[in-house]
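The values are calculated or read from the model by the stated rules, or taken from the named source; none is laboratory data. What you see is a predicted model, and the numbers here were worked out from it, not measured in a lab. Using ideal geometry, Cβ is built from the backbone for each residue, glycine included, and neighbour counts are taken over all protein chains shown.
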Amino acid sequence: AQSVTQLGSHVSVSEGALVLLRCNYSSSVPPYLFWYVQYPNQGLQLLLKYTTGATLVKGINGFEAEFKKSETSFHLTKPSAHMSDAAEYFCAVSEQGAQKLVFGQGTRLTINP
Amino acid sequence: DTAVSQTPKYLVTQMGNDKSIKCEQNLGHDTMYWYKQDSKKFLKIMFSYNNKELIINETVPNRFSPKSPDKAHLNLHINSLELGDSAVYFCASSQGNGGGTDTQYFGPGTRLTVL
């Protein structure tokens, strides 16, 4: 069965600092991996996804993530945090042929001025 | 134009009541979903429909009954509401032909509070 673990339920960084949100997955077949962001009182919005091809994936708002099969990881990074990045971030996995997403427990990102 | 819309946004009701949440998407997608987000923000899929046909039912109690009158709508009816049903319910949609690679587009959520 698929599962996703996000290390750190709460991450706090200073404005301008590097953002690193960790995600590890478990899947018996090559996974498809997603990062979604949820701003307060809103639905989820796709940041980026990995399906096949290049393992470094660039998304919206300056975020990127790298698929590392050997580490079963898909960590999300952004070189310089902005106040508007404060939100809840969810890593998710799906499998070939499956139409459902399995989510991690989420990481709340706080940006300090 | 709102891509995935849900009504109502907030729903407060008593235990034992029956309530419905409606979802509509104007993206022309074939697949729609219901997710439940609990108080700890954990998101779990409940149901998925493809072209009005149920394809995923994740061991949800029978009190929850989804209905898809057409592929643009997926409603969720809940009978005999319990305290544990309090959560935010999200509707989502996707193209449905990506074999797991599809981006899912989420609605704004319906916050259900059972008293």
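Brief remarks follow.
- Test: residue in region A:56-72 that is hydroxyl-bearing (Ser, Thr, Tyr), in contact with a strand residue (DSSP E or B) (Cβ under 6 Å, 6 or more places away or on another chain) and closer than 21 Å to residue B:89 by Cβ: no
- Look at region B:76-101: where a residue is within 11 Å of another protein chain (Cβ to nearest Cβ) and β-branched (Val, Ile, Thr) and a partner is crowded, with 17+ Cβ neighbours inside 10 Å and not in a loop (DSSP other than H, G, I, E, B), sitting 6+ places away or on another chain with Cβ atoms under 7 Å, you get B:88/B:37; B:88/B:110; B:101/A:32.
- Filtered residues of region A:73-107 (kept if closer than 30 Å to residue A:28 by Cα, out of contact with any Phe, Trp or Tyr (no Cβ under 8 Å at 6 or more places or on another chain), surrounded by fewer than 21 Cβ atoms within 10 Å (Cβ to Cβ) and touching a residue at least 60 places away in the same chain (Cβ under 8 Å)): none
- Residue satisfying condition, being farther than 14 Å from residue A:3 by Cα and not polar (S, T, N, Q), within set A:100, A:68: A:68
- The set of residues in region B:102-115 that are more than 7 Å from every other protein chain (Cβ to nearest Cβ) and either closer than 15 Å to residue B:36 by Cβ or without any contact (Cβ under 8 Å) to a residue 60 or more places away in the chain (or both) comprises B:110, B:111, B:112, B:113, B:114.
- Going through (1) in contact with a strand residue (DSSP E or B) (Cβ under 7 Å, 6 or more places away or on another chain); (2) more than 14 Å from every other protein chain (Cβ to nearest Cβ) one by one, residue A:79 falls short only on (1).
- Residue within region A:87-108 that is within 14 Å of chain B (Cβ to nearest Cβ), of a type in the set (Gly, Ala, Ser), touching a Gly at 6+ places or on another chain (Cβ under 7 Å) and part of a loop (DSSP other than H, G, I, E, B) present: yes
- Strands (runs of 3 or more DSSP E) (entirely within region B:32-115) containing at least 3 residues that are β-branched (Val, Ile, Thr): B:110-114
- Residues of region B:1-53 satisfying the condition of being among the acidic types (Asp, Glu) and in contact with a Ser or Thr (Cβ under 9 Å, 6 or more places away or on another chain): B:18, B:24, B:30, B:38, B:53
- When residues of region A:18-31 are limited to those that are under 12 Å from the mean Cα position of the chain (by Cα) and not β-branched (Val, Ile, Thr), the one nearest to residue A:77 (Cα to Cα): A:20
- Any hit, region A:50-72, residues being surrounded by 15 or more Cβ atoms within 10 Å (Cβ to Cβ), within 9 Å of the chain's Cα centre (by Cα), facing chain B (nearest Cβ under 9 Å) and in a strand (DSSP E or B): no
- Strands (runs of 3 or more DSSP E) wholly inside region A:1-42 that include at least 3 residues being modelled with pLDDT of 95 or more, out of contact with any strand residue (DSSP E or B) (no Cβ under 7 Å at 6 or more places or on another chain) and surrounded by 20 or more Cβ atoms within 10 Å (Cβ to Cβ): none
- Only residues that are buried (at least 17 other Cβ atoms within 10 Å of the Cβ) and at the interface with chain A (Cβ under 10 Å from one of its Cβ atoms) were counted in region B:33-45, giving 5.
- Apart from one condition, residue B:28 fits all of (1) within 14 Å of chain A (Cβ to nearest Cβ); (2) within 30 Å of residue A:59 (Cα to Cα); (3) in a loop (DSSP other than H, G, I, E, B); (4) not hydroxyl-bearing (Ser, Thr, Tyr); the exception is (1).
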